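Everything below concerns the one structure shown next.
Bear in mind that the values in this text are calculations on the coordinates, not laboratory data. Here the structure is a predicted model, which means the values were calculated and not measured. Reconstructed Cβ throughout: ideal geometry from the backbone, glycine too, with neighbour counts over all protein chains shown.
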Amino acid sequence: MGEVIVVTSGKGGVGKTTTTANIGTGLSLQGKSVVLVDADIGLRNLDVVMGLENRIVYDLVDVVEGTCRLRQALIKDKRFNNLYLLPAAQTKDKNAVNPSQMQKLCLDLAEEFEYVIVDCPAGIEQGFRNAIAGANKSVVVTTPEVSAVRDADRIIGLLEANGLKNPQLIINRLRIDMVKRGDMMNIDDMIDILAIDLIGVVPDDELIVVSTNRGEPAIANEASLAGQAYRNVVRRLMGEDVPFMNLESDSGFMSRLAKMFGFKKKK
Amino acid sequence: MSENAVVFKGTKEGLFVVLKEDMDIQSIKDNLEKKVKPSKKFFEGARIVDFRGKSLTRAEYDELKNIMQQEYGMMVVGEYVELSCDTSFEREETRESSSYEKLPYENVSTDEALFVRATVRSGQLIDYAGNIVIIGDVNPGAYIKATGSIVVMGTIRGVAHAGSKGDYSSFVAAYNLQPTQLRIGDIITRSPDGTASRLSVPEMALVRKGAIIVEPYLPNKDSNKL
């Protein structure tokens, strides 16, 4: 029985889809069998970020409605053998599926895969309820902006109310130089408000834009800072104890984080 | 049902009254009254050239003519002709089909077509039993599905599905053919990964030997030889 992890944020544009794609690819690089589920029906993106758009024949709604078998709708990644995508429908909307159907779908997928990663749509409506229905673990993505943190806080409350205890936090698009200048929220402030476990800080990285447009997740790119950060996130998700997690309450956290990124860059 | 039982149709020569074919004379009279009464002023003095649609007997013709002239103040200028009504329509139809026969081509389709004058955007689905003509672009994420052929007078970047009921003779033609995916009948192809920019010449996709092939549909033009 695999783990079903929902990646969510509340606010749009903070990097849920990018995170889903990178975590999924990273887990498959670690030899795990992974399926990515795009729950953003009507505004699907995950297929584009994974570069698999042109392979879509059947989608999640077809599976739920019984138009096709689950196996037929799964798209095998073009680079990694043990990575699959279940795309969302584009010509339908969130109401085409209900939470109990999603729950069954996630259960079926968890039978076959070690990790099921669900990309949640923005918002707290039907799409959100669908996405979290089958999950047994959750990852909340936020950026260092007051609005994103506010929404993340709301989402954490909803997740906990729906039985998803201990959500894990990824802070995305952090710009260390801005934090140092005091122009951006720092990590401790965010953790102070959200009060959940941090499993990753992903720096702002131009390569993310490039890789998104190319349809090749940045995690496979050794030169990418964000890719490095996602690799650490993946190892933590798998239960490994990777250094900078222990630093989070340290006063010198930022400088050590920066040092670590500098070090990783040389590699 | 009775909405279009009596229709006034303006032409260069004057007004025609088109009568629904399966109506009896009594309901025609009722409908005429319903139609004309409320705007009697408007119809006063109107010149009715002829009746079309239902074939009228001499007696019916006279009766209608009488009503229209006496009660509504219209003028019926035409004379009763045996089966006057249907002939004009038939004439048009025969003219059309004979002109097709004269064309020196095969591949002439007289099937129905849906015309869309718009950009078809992501998430929009156009599904039609017949042919589809898009005057505009089809963006990625849009889905065009026709039981017949698809013609895009612009760039198609979305998914096109021609011959959705299994007609392998249907095709997809576009001014700029760069679809995410192409389907004809139950055959599916996709664009190659790492989309190299192609020449933007008008192309069409069709089924040959059980596979979808794409070729310029104006093969003799110079621009295609580049």
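Okay, here's what the table says:
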{"read-out": "Burial ranking of peptide ranges A:114-123, A:193-202 (average Cβ count within 10 Å, highest at the top)", "value": "A:114-123, A:193-202"}
{"read-out": "Inter-chain shielding of A:49-61 (mean C-beta neighbours from other protein chains, 10 Å cut-off)", "value": "3"}
{"read-out": "Neighbour-count order for B:Ile156, B:Ile184, fewest beta carbons within 10 angstrom listed first", "value": "B:Ile184, B:Ile156"}
{"read-out": "Listed residue pairs exceeding 31 Å between alpha carbons, taken from B:Lys9/B:Lys165; B:Lys12/B:Lys65; A:Lys11/A:Lys76; A:Lys11/A:Lys165", "value": "B:Lys9/B:Lys165"}
{"read-out": "The stretch A:1-72: C-alpha gyration tensor shape, a/c 1.5 cut-off, then a/b vs b/c", "value": "oblate"}
{"read-out": "Footprinting exposure proxy for B:Ser169, A:Ser9 (fewest neighbouring C-beta atoms within 10 Å first)", "value": "B:Ser169, A:Ser9"}
{"read-out": "Ordering of B:202-211, A:78-87 by burial proxy (mean other Cβ atoms within 10 Å per residue, highest first)", "value": "A:78-87, B:202-211"}
{"read-out": "Global form of the stretch A:3-260, assessed from the alpha-carbon gyration tensor, a/c cut-off 1.5", "value": "prolate"}
{"read-out": "CD proxy at 222 nm, helix term only [per DSSP H run n ≥ 4: -39500 (n - 2.57); per residue of the protein assembly as shown; nearest 500]", "value": "-10000 deg cm²/dmol"}
